[in-house]
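Readers should treat all values here as calculations from the given coordinates under stated rules, not as data from a laboratory. Remember, it's a predicted structure, so these values are computed and weren't measured experimentally. Please note: Cβ atoms are built from the backbone with ideal geometry, for glycine as well, and neighbour counts cover all protein chains shown.
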Amino acid sequence: MRLIFLVLSVLCLFLVSCNDPYIETKTDENVFMDASLNDGSIVIVNTPAVDVTNAREVLTPSNTTDAGGLKRIRTASSDEANDYEFILVREMGTLTMSNGYEVQATDVKLSDDGYAFVSYNDEGPAHRGGVVIYKFNVVHGSRESTDVEVEVVTSVQFPNSEISALQYANGKLYMIGASSEKNWGYRGGFDYAFLLIMELNEDKTFNTSATPKVVKLTSFQGTSISVRGDRIFVTTGDGTNGTRGGLFIFNETNYSCVDFIEMTHARSVVTDNTNVFVMQSEPARVTKFDFNGSGMTSIYPPTFDLEDYTYQNEAMQKDAKSEMLVWNNLLFVAMNESGLRMLDRQGNILQVLERPGEDPEKHVTNSVSINTDSKKTMSGKEIQSNLLLVANGEKGMYWYDVMEFGGSQRIFASASNSVLSGMGSTNFISSFGNVAFVANGLGGLKVLYIGFDDTKEDEIVEPPCVGWSFGGNNQTFLKDNGNSKLDPPLDRKVGDILIQTEGDNFVVYLWGTVPNYKLDRSGVIFGSSLEYFDSLDGLLTGGPTLKDKNINNGFMTNRNSSYRTVYSDGSVRFTFPKEEVEKQINENGELLIIIYSGHNSWGYGNPQGPSGQTGTGVNNNGQIIMLKGVYFCE
C-alpha cells in the first residue's frame, strides 16, 4: 500500500475580448441596445396578480420541540449569541402572469429606504417571469402587535423571458436571466442569457420615458449580478457552442464592455470595494479579479488540482443556485449538496456547515446572507448582531451568529436554529434590520419579523462548540480499487473523511457509501513527525528511505478501536479526548494522523509522505494527513 502526493494542474480560465463576434458586439461602444416598451416583450403592470396575505404566526424551530426556541447561548469567550425568534407576518403567493401562468420567486433584494425587489421565473423550460416591487414598513411592538406592513408598488412581466437574479442600484433595476424573445435575448441555438436595465422613478415605479437597455449574453442562463461603483458584473452559465459562459464586466456609465473572462459553470459574482469574486461549480472553485478583470487569482481550493479528489465532489449539482457572500475578511460560499464553506481571503477553510437533511437534490444550501444592522428587541432596546441566514432548500432557513472567538470569526448556532422547513424551497434570503424576505420558490415570498424576546428569564445553554482543525486539508476521500487513477475511472466512493474538533473531543468521521464496504476494521493513529511513525515497530514496512515505505495494514487494522463507534450504515466515528491528541502535537503545533479505511481502497487527499508514488497498480487504503494546529473550545 502506497500513499499519493498531489499533482498540481492549472486552473483553466480563458480571456476573451468583448469584441468577440459571438457576443454580437461590433465595438465597445455598441454593446447595449434599446429594448422596446411597445412590442410586448416588456409589460409593466401596476396592479399585479399577487396575493399579500396576513400570517401572524410565531414560527416553531424545525429541529426542536421547544415551540418558542428562545434559548440564549453563552459562547466560550463569554459573549452571548443572540436570542432570536421569527414571526411570519406576510405571505405573498407566486406571481400570476397575465396569461394565467404562475411563476416562482427566485431572488429578492432590499433597499435601505424600505423597498423589496423580487424576481420570478417559470419552474419548467419555458421562458416567462417578472419582477414585483414591494414597499415595506416595520412596526415594532409587543410579540402580539409587531408587524411588517407590505404593499405592492408595481411589477413588470416578461412573456418570453425569465429573471434569475436582480439588483437595485443607481436608481435602476438590473436584471439577468434567459429569454426566447427574438428581439433581444434569442440568437439561435441555446444561448438565451441576457442583461436588462430599466430606470425607476423616485417612488420605485418604472420610468416609462426612459428606454430600457438590453444586451445579449452567451450561455443558457444569466446566473448572478453585482453592481459596484461604475461597473456591472454579470456571470452566465455554459452554452452549446463550446464553454462560452463566464464573467462579463460592463461600464455602468456608458455601458461599454470592459472585459469578458470565459469560465465554465460560473454561478455567482460578489464584490467588495476593490475585488471581484466569482464562484464556479462542478467542482467548486473561487477566483478573484480586480474591477477591470485583471489580476486573476485562484483562491479556492488553495491548491487546485483536477485530480485532487479532496474537492472533486463539491457543488456538483447541475443547474442549481449557488450564491456567495463577501463580508469583512471572510467569504461564505454556498455549495448546494456540499453545504456551506466559510473561507478566509486566501481560500483556507475556516469552518464548514454541512447541508442539513439526506436528500442531495432537495436539501441543499442555495445562498447565504448576513444582517449586521441595528435591530430592536421587544422592549425597544437597540442591539447589533452579525446574523447569518442560510437558505437550505426544502429544509428551510437556518440562522447563526458570527462572533469573535480567540482572534478569529466563528459561526455559532443555538440548539434550535431553523424555520420554514416543508414550506416550499428556500432559495434566497435578504434581510434588513428586523425584517427578512425569503424567496420560497413555488411557496412564493415569505416576510419574517426578526424578534428578540428580552423580557423573560432565558435559559443559559452551553454551546455545542464545533471548531475546525486549522491549516490542513480537513477532508479527503477513499476510492474503490483500480489499476490507475483514471483507467478505469474510479467513480465509486468508499468513504469520506471529516476531521474536526467538537468541544473537548477530536473527532474523525469515515462515511461508507458503497454497499458491502464496511469500515468496521478501520484505524486511526497520531504522531508528531514522520520519524515518530518510523520508530513504531511494525507500522511502516519496506525502505530504504521514508518515502519508499508502506503503511502496514495489519498494524493499522482496528488501531485505537476503543475510541471507535460503528453505525448501522457502515460509517464510523473515532472520538478522542483532547488530552489524547495534545500530547502528540510537537513544538511547531503540527499534528500528523494516519487514517486507515480497513479495506483495499484508493487514498487521495493531501498526504505529506512518505510515498511519492502515483499509486498505479497498488491498493491504497490509508492517508497521512498533516494539520497545522488544532482549535479547541475552552
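General remarks:
- Residues Gln317 and Ala126, FRET efficiency given R0 of 30 Å [Cβ-Cβ distance, rounded to 0.05]: 0.85
- Listed pairs Lys109/Lys446; Lys321/Lys362; Lys109/Lys213; Lys109/Lys318; Lys182/Lys321 exceeding 18 Å between Cα atoms: Lys109/Lys213; Lys109/Lys318; Lys182/Lys321
- Computed packing ranks the peptides 227-236, 291-300 as 227-236, 291-300, most packed first, by mean other Cβ atoms within 10 Å.
- Computed FRET value (nearest 0.05) for Thr575 with Ser374, which takes r as the C-beta separation and R₀ as 41 Å: 0.50
- Extension gain, Ser298-Asn38: 0.36 nm per intervening residue step, less the Cα-Cα distance, totals 89.1 nm.
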